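First the structure, in the form of structure tokens, and then the observations on it.
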Amino acid sequence: MRGKATAYLQTALANPTADFRPGQWECIEGILKSERQLVVQKTGWGKSMVYFLGTRLLRDQGKGLTLLVSPLLSLMRNQIMAANRIGILAETINSSNTDDWEVIEARLLADKVDILLISPERLANDDFRERVLQKVANRVGLFVVDEAHCISDWGHDFRPDYRRIVRVLQALPKNIPILATTATANDRVVEDVAYQLGALNVVRGSLIRETLALQNIWLPNPPARMAWLAEHLKNLPGSGIIYTLTVRDSERVTEWLKANGYNVAAYHAKIDSEAEEQGSEKEKHRREHLEHRLLKNEVKALVATVALGMGFDKPDLGFVVHFQRPGSVVHYYQQVGRAGRAVDYAYGILMGGEEDKAITDFFIKNAFPPQAHVDKILGALNAADGGLSVPMMQKQLNLSYGDIQKCLKLLAVETPSPVAKIMSAWHATPVNYQMDHEKIRGLCELRQAEQAQMIDYMKTKDCLMGYLGRALDDKTVKECGKCVNCLRHDLMPTTVNTDLANRAAIFLKRSYQPIEPRKRWPTTDIFDYYPLKGAAIGTDIMAEQGKALSLLGDAGWGHMVREDKYNVGKFRDALPDGCMQMLETWQPQPQPIWLTCIPSLTHPDLVPDFARRLAARIGIPFVSCLKKIRQNEEQKHMHNSFQQAKNLDGVFDVDQASMPSGSVLLVDDMVDSRWTFTVATALLRQAGCPAVFPLALALNSPRTD
């Protein structure tokens with residue numbers, strides 16, 4: 001049997017002399033013997049080849065299909081291409097290929113699919129379980145859990161939907177082989193996964209990556225790191241990945257590198273969803289297109305968030321650079337391990353900065369829903385007859401869509417669960433549920449300890465690869481002989497070109513943020529006071545695209561805006577000057593001939609004072625025609641679109657008699673949800689203003705990946 005498997009391997013790799021890496025054949029043999037295995041092997045070892053060849057050999061014996069649970073769509077696309085190369089018919093059912101589901105389901109029922117790839121979230125879908133999973137459960141020949149550390153509460157990337165895997169396993173025949181794989185599990189996570197999945201044969205190999213040359217560079221501010229990239233990226237071999245912690249940094253670093261002549265592209269989870277919102281068929285599946293461009297070396301780098309992470313396989317990736325420090329050694333090992341799989345030498349450059357800790361603290365703080373959110377949702381469900389959909393909850397509860405989904409996901413995977421979903425409505429069950437605060441506290445403390453370990457990694461004088469191995473409980477640690485600490489000299493320069501750093505600082509000051517006009521109301525009858533009806537926001541009352549001078553708190557103007565608003569109480573003169581520079585670049589048309597601002601009863605002078613100074617610099621009149629006629633809750637305390645828009649009903653009025661004709665600049669200090677600008681614009685347009693251009697000092701954007 002091994003000879004047959006070797007022949008398949010050589011065909012898959014197009015290499016007539018290829019042979020198995022240490023441990024690969026033994027794992028395949030375990031599959032053929034119906035064993036349950038947890039395989040912990042370094043990135044690039046070839047875990048996917050184990051289950052592909054295992055699938056091929058089982059299918060040759062007449063066994064059923066392989067069901068593979070895999071966490072990322074980028075991982076799925078990569079694996080499907082690899083499976084096709086060795087003659088395996090692989091299919092996936094996910095949100096990006098809904099048009100193909102009916103055909104795929106027919107192939108599954110006809111036993112014409114060798115391996116079905118699904119996300120763990122798909123297991124939560126009632127329709128999928130009834131239409132697909134229940135019908136093929138008795139014909140599953142192999143069950144694979146990729147990135148199995150996600151099963152563990154104590155894994156670095158806990159995903160509640162992975163808990164459902166345990167329930168699926170309990171429903172499958174006991175003689176089905178199980179293969180769980182990961183490259184990023186320490187002893188504690190291995191024990192937890194093995195406990196949850198049942199008796200497992202744990203196969204552990206060395207995690208040391210011999211081809212990776214590691215170096216850490218401390219550059220405290222973003223302009224310095226951007227300057228380093230602009231100067232040195234060209235000297236890194238081949239193509240690679242530049243990781244950022246946030247979407248906005250992914251886009252901003254991309255723009256900077258493009259301005260410096262590099263062929264790069266931003267990659268993050270929002271790319272496809274933004275295309276869908278805009279209805280652009282051409283731009284849908286853009287992430288897949290970007291992956292192909294990197295695979296074909298058509299770009300120097302993708303500037304990516306963790307959305308391009310687990311499982312993305314480009315064997316000749318020449319480098320991975322981190323623009324900021326990840327939150328844990330495990331995150332870092334998993335990401336830097338994308339590089340150097342099939343080349344003799346690849347770089348892993350980790351840059352650290354002053355903002356890293358704040359970003360990681362934000363993610364830790366928001367990892368679990370607070371008890372108050374859980375209580376609100378369970379209270380609403382218990383009081384509802386016939387259950388509540390998520391949009392119905394948004395109307396009743398001042399919680400964001402994301403917070404509601406986070407709570408429901410956590411509650412749905414509890415055993416027994418206090419909620420149940422029937423069609424689109426969620427219902428409360430008789431379960432008396434209390435969150436395990438002690439467990440959550442322990443998890444948050446663990447995350448903080450992991451962050452401290454990453455700071456220590458930045459400072460260590462020991463072998464960097466050895467440090468990573470010890471952090472992952474690798475018992476085979478040895479000095480790599482390639483990292484900056486082993487060689488005692490820099491692999492890449494650590495200096496920064498002063499001129500480039502100054503240019504980067506200016507670039508950040510001119511990284512103006514678009515304020516896109518909202519095009520739909522949250523519901524058709526949201527307002528009682530204003531005559532604004534219907535689902536669509538008509539072009540006759542819609543704003544033009546606006547601009548924000550900065551991102552709140554960022555290097556450039558953003559830190560000035562935050563300091564002045566919260567500590568000084570008056571915006572400095574440099575900010576109107578900055579807006580003047582922005583307007584010279586922006587040049588809105590038809591050109592605004594007057595200026596007004598969003599009024600406030602709480603801080604009546606802050607924004608008007610700034611607006612008057614800006615109007616004077618532009619040379620157009622400031623007209624205070626927009627009035628606030630009643631106090632409302634601060635918009636920052638409203639957490640979803642329905643609540644944000646409803647909170648503005650009857651708040652503003654327009655003094656039409658004092659309003660000049662012609663286009664207007666509508667000024668506010670900060671913008672987040674855009675509903676204040678949207679409602680104020682609608683009122684100004686109804687009063688006869690032909691065009692309204694929103695202008696804000698800062699975009700108060702949450703940090704997201």
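Name the one entry in Val132, Val144 that is without any contact (Cβ under 8 Å) to a residue 40 or more places away in the chain and surrounded by 19 or more Cβ atoms within 10 Å (Cβ to Cβ).
Values: Val144 fails: without any contact (Cβ under 8 Å) to a residue 40 or more places away in the chain.
Answer to the check: Val132.
Regarding Asp462, is this residue farther than 25 Å from Ala358 by Cα, in the same structural domain as Asp490 (by TED's automatic domain parsing), touching a residue at least 40 places away in the same chain (Cβ under 8 Å) and not hydroxyl-bearing (Ser, Thr, Tyr)?
Values: farther than 25 Å from Ala358 by Cα: yes; in the same structural domain as Asp490 (by TED's automatic domain parsing): yes; touching a residue at least 40 places away in the same chain (Cβ under 8 Å): no; not hydroxyl-bearing (Ser, Thr, Tyr): yes.
In short, no.
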Determine which member of the set His373, His331 is more than 26 Å from Asp672 (Cα to Cα), part of a helix (DSSP H, G or I) and in contact with an Asp or Glu (Cβ under 8 Å, 6 or more places away or on another chain). His331
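Does Ile506 satisfy being within 30 Å of Met580 (Cα to Cα), crowded, with 20+ Cβ neighbours inside 10 Å and not polar (S, T, N, Q)?
On the way: within 30 Å of Met580 (Cα to Cα): yes; crowded, with 20+ Cβ neighbours inside 10 Å: no; not polar (S, T, N, Q): yes.
No.
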Does Asp499 satisfy the condition of being among the acidic types (Asp, Glu), touching a residue at least 24 places away in the same chain (Cβ under 8 Å) and either over 26 Å from Gln196 (Cβ atoms) or touching an Asp or Glu at 6+ places or on another chain (Cβ under 8 Å) (or both)? no
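Tell me, please, whether a residue that is farther than 26 Å from Leu583 by Cβ, among the hydroxyl-bearing types (Ser, Thr, Tyr), outside any helix (DSSP H, G or I) and modelled with pLDDT under 95 can be found in the stretch 659-673.
Initially, the stretch 659-673 is screened for residues farther than 26 Å from Leu583 by Cβ, giving none.
The answer is no, given that none of the residues of the stretch 659-673 is farther than 26 Å from Leu583 by Cβ, among the hydroxyl-bearing types (Ser, Thr, Tyr), outside any helix (DSSP H, G or I) and modelled with pLDDT under 95.
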Cβ-Cβ under 7 Å, sequence separation 6+ or interchain: first residue in the stretch 334-352 and in the same structural domain as Asp249 (by TED's automatic domain parsing) and among the polar types (S, T, N, Q), partner at pLDDT 90 or above and not in a strand (DSSP E or B). Which pairs? Gln335/Pro326
For the stretch 500-512, enumerate the residues that are of a type in the set (S, T, N, Q) and either modelled with pLDDT of 90 or more or over 25 Å from the mean Cα position of the chain (by Cα) (or both). Asn502
Going by the conditions given, is Trp521 under 28 Å from Pro690 (Cβ atoms) and surrounded by 20 or more Cβ atoms within 10 Å (Cβ to Cβ)? yes
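For the stretch 365-376, enumerate the residues that are surrounded by 18 or more Cβ atoms within 10 Å (Cβ to Cβ) and in contact (Cβ under 8 Å) with a residue 40 or more places away in the chain. Don't jump to the end; show me each part of the working.
First pass over the stretch 365-376, keeping only residues surrounded by 18 or more Cβ atoms within 10 Å (Cβ to Cβ): 368-369, 373-374, 376.
Those that are surrounded by 18 or more Cβ atoms within 10 Å (Cβ to Cβ) and in contact (Cβ under 8 Å) with a residue 40 or more places away in the chain: Phe368, Pro369, Val374.
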Which of the residues that make up the stretch 656-696 are crowded, with 22+ Cβ neighbours inside 10 Å, small (Gly, Ala, Ser) and more than 28 Å from the chain's Cα centre (by Cα)? Ala680, Ala682
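Just name the residue that is modelled with the highest pLDDT out of those in the stretch 314-336 that are more than 19 Å from the chain's Cα centre (by Cα) and surrounded by fewer than 24 Cβ atoms within 10 Å (Cβ to Cβ). Explain how you work it out, then say what you get.
Going through the stretch 314-336, the residues more than 19 Å from the chain's Cα centre (by Cα) turn out to be 314-319.
Filter again for surrounded by fewer than 24 Cβ atoms within 10 Å (Cβ to Cβ), leaving 314-316, 318.
Numbers: Lys314: 85, Pro315: 86, Asp316: 92, Gly318: 96.
Taking the candidates together, the pick is Gly318.
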Take the residues of the stretch 240-258 that are modelled with pLDDT under 95 and hydrophobic (A, V, I, L, M, F, W, C): which is surrounded by the most Cβ atoms within 10 Å (Cβ to Cβ)? Leu245
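Identify all residues within the stretch 480-494 that are part of a loop (DSSP other than H, G, I, E, B) and either of a type in the set (A, V, I, L, M) or loosely packed, with under 12 Cβ neighbours inside 10 Å (or both); write none if there are none. Lay out the reasoning, then the answer.
Applying the first criterion (part of a loop (DSSP other than H, G, I, E, B)) to the stretch 480-494 yields 480-483, 488-494.
Correct list: Gly481, Arg488, His489, Asp490, Leu491, Met492.
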For Arg209, indicate whether it is in a helix (DSSP H, G or I) and either surrounded by 15 or more Cβ atoms within 10 Å (Cβ to Cβ) or modelled with pLDDT under 85 (or both). no
So if I check each of Ile80, Ile115, which one is over 21 Å from the mean Cα position of the chain (by Cα), over 22 Å from His331 (Cβ atoms) and modelled with pLDDT under 85? Ile80
If Val50 passes every condition in (1) surrounded by 16 or more Cβ atoms within 10 Å (Cβ to Cβ); (2) more than 30 Å from Ala412 (Cβ to Cβ); (3) in contact with an Asp or Glu (Cβ under 9 Å, 6 or more places away or on another chain) but one, which one does it miss? (3)
Considering only the stretch 402-438, state which residues are of a type outside the set (Asp, Glu), in a loop (DSSP other than H, G, I, E, B) and closer than 16 Å to Ala372 by Cα. Pro418, Asn432, Tyr433, Gln434, Met435
Scan the stretch 314-326 and report the pairs whose first residue is in the same structural domain as Ala346 (by TED's automatic domain parsing) and whose second residue is aromatic (Phe, Trp, Tyr), with Cβ atoms within less than 6 Å and a gap of 6+ or a chain change. Phe319/Tyr347; His322/Tyr243; Pro326/Tyr332
Anything in the stretch 12-41 that is of a type outside the set (D, E, K, R), within 36 Å of the chain's Cα centre (by Cα) and within 20 Å of Arg341 (Cα to Cα)? List them, or say none. Ala12, Leu13, Ala14, Phe20, Pro22, Gly23, Gln24, Trp25, Val39, Val40, Gln41
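Here are Asp655, Asp609, Asp649, Asp669: which of them is in contact (Cβ under 8 Å) with a residue 24 or more places away in the chain and in contact with a Cys (Cβ under 8 Å, 6 or more places away or on another chain)?
On the way: Asp609 fails: in contact with a Cys (Cβ under 8 Å, 6 or more places away or on another chain); Asp649 fails: in contact with a Cys (Cβ under 8 Å, 6 or more places away or on another chain); Asp669 fails: in contact with a Cys (Cβ under 8 Å, 6 or more places away or on another chain).
Selected residue: Asp655, the only one of Asp655, Asp609, Asp649, Asp669 that is in contact (Cβ under 8 Å) with a residue 24 or more places away in the chain and in contact with a Cys (Cβ under 8 Å, 6 or more places away or on another chain).
Can you report the number of residues in the stretch 524-557 which are part of a loop (DSSP other than H, G, I, E, B), among the hydroxyl-bearing types (Ser, Thr, Tyr) and either under 23 Å from Asp668 (Cα atoms) or modelled with pLDDT of 90 or more (or both)?
From the stretch 524-557, those part of a loop (DSSP other than H, G, I, E, B) are 524-535, 537-545, 552-557; that's our starting set.
In the following step, the residues that additionally are among the hydroxyl-bearing types (Ser, Thr, Tyr) were identified as 524, 529-530, 539.
From what's left, either under 23 Å from Asp668 (Cα atoms) or modelled with pLDDT of 90 or more (or both): 529-530, 539.
Counting residues in the stretch 524-557 that are part of a loop (DSSP other than H, G, I, E, B), among the hydroxyl-bearing types (Ser, Thr, Tyr) and either under 23 Å from Asp668 (Cα atoms) or modelled with pLDDT of 90 or more (or both) gives 3.
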Counting only residues that are of a type in the set (A, V, I, L, M), more than 14 Å from Lys365 (Cα to Cα) and touching a residue at least 40 places away in the same chain (Cβ under 8 Å), the stretch 424-449 contains a total of 2
It is to be established whether one or more residues within the stretch 178-191 are surrounded by fewer than 21 Cβ atoms within 10 Å (Cβ to Cβ), of a type outside the set (Phe, Trp, Tyr) and either in contact with a Ser or Thr (Cβ under 7 Å, 6 or more places away or on another chain) or farther than 30 Å from Leu38 by Cα (or both). no
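The values are calculated or read from the model by the stated rules, or taken from the named source; none is laboratory data. Remember, predicted model here, so these are calculated numbers, not experimental data. Reconstructed Cβ throughout: ideal geometry from the backbone, glycine too, with neighbour counts over all protein chains shown.
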